[in-house]
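Participant: Dropping the structure in here first, questions after.
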Amino acid sequence: MKQLISSLSALSILFLSCQDKKQVAESAGKDSVQVIKPLFISDTVAHDTDDPAVWINPQNPALSLIIGTDKDQDGGLYVFDLKGKSQQEKMVRGLKRPNNVDIEYGLTLNGKATDIAVVSERFTHKLRIFSLPDMKPVDGGGIEIFLGETGEGTRDLMGIGLYKSKDGKIFAIAGRKTGPVDGTYLWQYLLEDNGSGQVKATLVRKFGTYSGLKEIESIAVDDASGYVYYSDEGKGVRKYYADPEKGNKELALFATTGFTEDHEGISIYKLTDSTGYILVSDQGANQFQIFSREGDAKNPHNHSLLNTVKVLANHSDGSEMVSVPLNSDFKNGLFVAMSDDKTFHLYRWEDIAGAKLKKIDKK
């Protein structure tokens, strides 16, 4: 579905690409700092916003939904429309500290292609999985992961990223509060029908370098290019192949300088299947650093810093990006950023790309 939506919007995105690249490049040389304001701010949640995801309605993108975690012992999943208004009938309550959420399209359940939202439930050590857009559980009460880990915090779920391979397999890549520094911090699971219309998860690999400095939370998967990125907080952003058959070699470590506090939310804006931008939250500075998605001519894994944009969202942790037109408000895409006032901020992509950004020191 991600690939289908991207294909349907290809002409629109290609039209935007030249102008978009020009805007980002031109704004790099401006000295004034502009704080970008959201078009909408969501209704507040009960406890603590953390991470958003967006389900794109394939029949009518204007009816797409924003899913956001309310991170608490008595937490839940909030569902918003594209103006940030709560959809009370779709909310999921009673989750035990849901941390991050991600969405994938077309998991076969009971012989039917089903869109899913997968949530990391920290205190139960489970993946919770819900069908979209009805938000009904399809996980049999939850799937325990990181089985066999005994260290403090080593089963406490944090990040979650979903990957759909070219042959249609869907995987969940999960992180935890803490883990080993031997290259096995992240665990990847194949998601399938268990034969009864519920999801089962099979461990397929352990991978991922960890600096040992803080923790690994934000995980973002680029289905089109086949890469997974994650924030090694306090160190940088690491890049690997998302396909377990391609091995566990680290392809890049970038975004290692200029961060005030933690490296947090990672979001990807796609101009084409291979070009675009990677946005990384500089949490303590209320800003996002923008990197090249495609790398450079000599090295596709050399993700250079293009710009920095300040946003109104405060101390932003999780974020999400939509790269296709949704409605008249978000004609060029939608950027959603968590803010620590219990809300999510909804930005137009052109406001992010066309910002008068702080001049970057290229030294």
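Participant: Positive end of the charge dipole of the range 2-353 (Lys, Arg +1 and Asp, Glu -1 on Cβ, about the Cα centre): tell me which of T308, A297, I67 has its Cα farthest that way.
Facilitator: A297
Participant: Cut-off 10 angstrom, C-alpha nodes, Gaussian network model of the chain. Which of N60, N100, N194 fluctuates the most?
Facilitator: Of the options given, N60 has the highest mean-square fluctuation.
Participant: Oh, and also: What does the charge add up to near T44, with Lys and Arg as +1, Asp and Glu as -1, over the other residues with Cβ less than 10 Å from its Cβ? Can you show the working numbers first?
Facilitator: Working: positive: K342; negative: D43, D70, D341.
The answer is -2.
Participant: Tell me whether the range 135-176 comes out rounded, prolate or oblate; compute the Cα gyration tensor, take square roots of the eigenvalues as a ≥ b ≥ c, and use a/c under 1.5 as the rounded threshold. Can you show the working numbers first?
Facilitator: Working: a/c = 2.43, a/b = 1.51, b/c = 1.61.
Oblate, because a/c is 1.5 or more while a/b does not exceed b/c.
Participant: On to the next question. Please name which of F288, P38, G168 has its Cα lying farthest along the dipole of the range 2-353 towards the positive end, using unit charges on Cβ (Lys, Arg +1; Asp, Glu -1) and the Cα centre as origin.
Facilitator: Of F288, P38, G168, it is G168.
Participant: Identify which of Q198, Q59, Q73 has the largest mean-square fluctuation in a Gaussian network model of the chain, with springs joining Cα atoms closer than 10 Å.
Facilitator: Q59
Participant: OK, next. Taking amide H positions as placed in the peptide plane 1.01 Å from N, state which residues far from D72 in sequence (5 or more) or on other chains have amide H under 5 Å from it.
Facilitator: Those qualifying (amide H under 5 Å, at least 5 residues apart or on another chain) are R97.
Participant: Here is a further query. Under 5 Å between amide hydrogens, which residues at least 5 positions from R176 or on another chain qualify, with H placed 1.01 Å from N in the peptide plane?
Facilitator: Answer set, sorted by chain and number: M158, G159, I216.
Participant: Within a Cβ distance under 9 Å of G284, other residues only, what is the Lys/Arg minus Asp/Glu net charge? Let's see the in-between values first.
Facilitator: On the way: positive: none; negative: E261, D262, D282.
For residues surrounding G284, the net value is -3.
Participant: A further question follows. Which of the trypsin sites (Lys or Arg not before Pro) across the range 261-302 are loop residues per DSSP, with 13 or fewer other Cβ within 10 Å?
Facilitator: On the way: sites: K270, R293, K298; in loops: R293, K298.
Answer in residue order: K298.
Participant: With +1 on each Lys and Arg Cβ and -1 on each Asp and Glu Cβ, how big is the dipole of the chain about its Cα centre, in debye rounded to the nearest 20? Don't skip to the end; give the middle numbers.
Facilitator: Working: 44 positive and 50 negative charges, 143 e Å.
Magnitude of the dipole: close to 680 debye.
Participant: So which of K96/K342; K164/K235; K169/K206 end up more than 26 Å apart, counting from Cα to Cα?
Facilitator: Working: K96/K342 17 Å; K164/K235 28 Å; K169/K206 18 Å.
Long pairs (Cα-Cα over 26 Å): K164/K235.
Participant: Relative contact order of the range 2-353: what whole-number percent is it, with Cα pairs under 8 angstrom and at least 6 residues apart?
Facilitator: 16
Participant: For the range 283-333, what is the per residue volume of the convex hull drawn over the alpha-carbon atoms, in cubic angstrom? The partial results should precede the final answer.
Facilitator: Values: hull volume 5.7 nm³, N = 51.
Enclosed volume per residue, from the Cα hull, is 112 Å³.
Participant: Sort the range 208-338 into rounded, prolate or oblate with this rule: let a ≥ b ≥ c be the square roots of the eigenvalues of the Cα gyration tensor; rounded if a/c is under 1.5, and if a/c is not under 1.5, prolate when a/b is larger than b/c, oblate otherwise. Walk me through the intermediate numbers first.
Facilitator: Working: a/c = 1.65, a/b = 1.10, b/c = 1.49.
It is oblate, given that a/c is not under 1.5 and a/b is not larger than b/c.
Participant: In a GNM of the chain with a 10 Å cut-off on Cα contacts, which of V309, V280, V92 has the highest mean-square fluctuation?
Facilitator: V92
Participant: With only alpha-carbon atoms in the gyration tensor, what are the semi-axes of the equivalent ellipsoid for the chain, in Å, largest first?
Facilitator: Working from the Cα gyration tensor, I get semi-axes of 29, 23, 20 Å.
Participant: Which ³J(HN,Hα) values, rounded to whole Hz and listed in residue order, are derived for the range 74-81 from phi using the Karplus coefficients 6.51, -1.76 and 1.60 in 6.51 cos²θ - 1.76 cosθ + 1.60 with θ = phi - 60°, glycine and proline given as x?
Facilitator: Per-residue couplings from phi come out as 10, x, x, 10, 9, 10, 10, 8 Hz.
Throughout, read-outs are computed from the coordinates displayed, never taken from laboratory work. No experiment lies behind these values; they were computed from the predicted model shown. Neighbour counts are summed over all protein chains in view; Cβ atoms, including those assigned to glycine, are modelled from backbone coordinates with ideal geometry.
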